[in-house]
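The values are calculated or read from the model by the stated rules, or taken from the named source; none is laboratory data. The shown structure was predicted, so the numbers you read here are calculated from the model rather than taken from an experiment. For neighbour counting, all protein chains shown are included, and Cβ atoms are generated from backbone atoms with ideal geometry for every residue, glycine included.
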Ligand code: 5GP
């Protein structure tokens with residue numbers, strides 16, 4: 001069985017990662033990993049769909065039990081990717097999408113170098129500020145924190161394989177789909193695994209001496 005591809009998307013808060021990833025999931029059926037967080041739900045967010053909203057105590061218990069593929073403290077709250085669902089899906093051949101911050105992405109890259117790492121940028125910094133402000137969910141101090149963080153994050157762009165500018169979410173999602181398709185055909189771990197299974201299969205048909 002071929003392993004799935006691990007697709008990791010990061011970008012500054014307000015770059016529109018959530019919308020782009022939502023469209024990308026619809027286009028490709030990639031399985032979106034649901035993270036665990038200690039942040040409170042925003043209006044309209046659903047536990048188990050957007051995040052698993054948990055207490056700090058419960059989060060730290062999962063950390064001690066080694067239950068995260070990666071976790072990070074972002075803007076004063078913990079966020080983590082539950083390990084088992086991701087590794088089970090990949091082993092079963094399904095592609096998995098993580099939408100996580102740059103610290104988390106760099107940690108995943110160490111563990112999973114064959115992953116595909118994509119950074120999403122907004123069309124401009126002015127638009128980024130407008131998007132964060134218009135959400136109306138953050139205080140002005142929290143907005144400044146997020147904008148400051150986005151500047152630091154951009155210095156880590158070299159750790160990514162691709163960068164998509166999100167002018168329109170549907171076009172950005174098309175770009176992610178094109179990247180996924182191209183990566184499936186790249187001569188690398190995914191293709192090596194395919195060739196390994198083909199060789200095993202061929203052993204059933206040909207004489208052992210060949
Ligand atoms: P928000 O609070 O706006 O939903 O997310 C804040 C930041 O946390 C975003 O950059 C988002 O990508 C990141 N994030 C969400 N889930 C995870 C996770 O499981 N791990 C890490 N490292 N970051 C995450």
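Of note:
- Residue within segment 89-98 that is within 15 Å of residue 9 (Cα to Cα), within 12 Å of the ligand (Cβ to nearest atom) and at pLDDT 95 or above present: yes
- Per the listing 156, 186, the residue uniquely in contact with a helix residue (DSSP H, G or I) (Cβ under 6 Å, 6 or more places away or on another chain) and under 27 Å from residue 23 (Cα atoms) is 156.
- Residue 31, sole failed condition from (1) in contact (Cβ under 8 Å) with a residue 12 or more places away in the chain; (2) over 13 Å from the mean Cα position of the chain (by Cα); (3) more than 10 Å from the ligand (Cβ to nearest atom): (2)
- Selection of helices (runs of 4 or more DSSP H) fully inside segment 129-210 by the criterion of at least 1 residues being surrounded by 14 or more Cβ atoms within 10 Å (Cβ to Cβ) and more than 19 Å from the chain's Cα centre (by Cα) returns 140-154, 189-203.
- For residue 69, the conditions (1) within 7 Å of the ligand (Cβ to nearest atom); (2) in contact with a helix residue (DSSP H, G or I) (Cβ under 8 Å, 6 or more places away or on another chain) are fulfilled apart from (1).
- Test: residue in segment 3-14 that is closer than 21 Å to residue 93 by Cβ and out of contact with any strand residue (DSSP E or B) (no Cβ under 8 Å at 6 or more places or on another chain): yes
- Taken over segment 64-117, the residue count meeting the criterion of being more than 27 Å from residue 194 (Cβ to Cβ) and part of a loop (DSSP other than H, G, I, E, B) is 7.
- Leading residue by the ranking (nearest to the ligand (Cβ to nearest atom)) among those in segment 34-46 that are farther than 26 Å from residue 125 by Cβ, outside any strand (DSSP E or B) and in contact (Cβ under 8 Å) with a residue 24 or more places away in the chain: 34
- Any hit, segment 99-109, residues being more than 11 Å from the ligand (Cβ to nearest atom) and either surrounded by 22 or more Cβ atoms within 10 Å (Cβ to Cβ) or over 17 Å from residue 146 (Cβ atoms) (or both): yes
- Checking the stated criteria, residue 12 turns out to be within 15 Å of the ligand (Cβ to nearest atom), in contact with a helix residue (DSSP H, G or I) (Cβ under 7 Å, 6 or more places away or on another chain), assigned to a loop (DSSP other than H, G, I, E, B) and closer than 25 Å to residue 128 by Cβ.
- Every test in (1) in contact with a helix residue (DSSP H, G or I) (Cβ under 6 Å, 6 or more places away or on another chain); (2) within 22 Å of residue 106 (Cα to Cα); (3) at pLDDT below 90 is passed by residue 176 save one, and that test is (3).
- Listed conditions (1) surrounded by fewer than 19 Cβ atoms within 10 Å (Cβ to Cβ); (2) within 8 Å of the ligand (Cβ to nearest atom) are all met by residue 81, apart from (1).
- Taking segment 34-52 as the range and being farther than 17 Å from residue 138 by Cβ, within 18 Å of the chain's Cα centre (by Cα) and at pLDDT 95 or above as the test, the residues that pass are 34, 35, 36, 48, 52.
- Among residues that are surrounded by 13 or more Cβ atoms within 10 Å (Cβ to Cβ), assigned to a loop (DSSP other than H, G, I, E, B) and out of contact with any strand residue (DSSP E or B) (no Cβ under 7 Å at 6 or more places or on another chain), residue 49 is not included.
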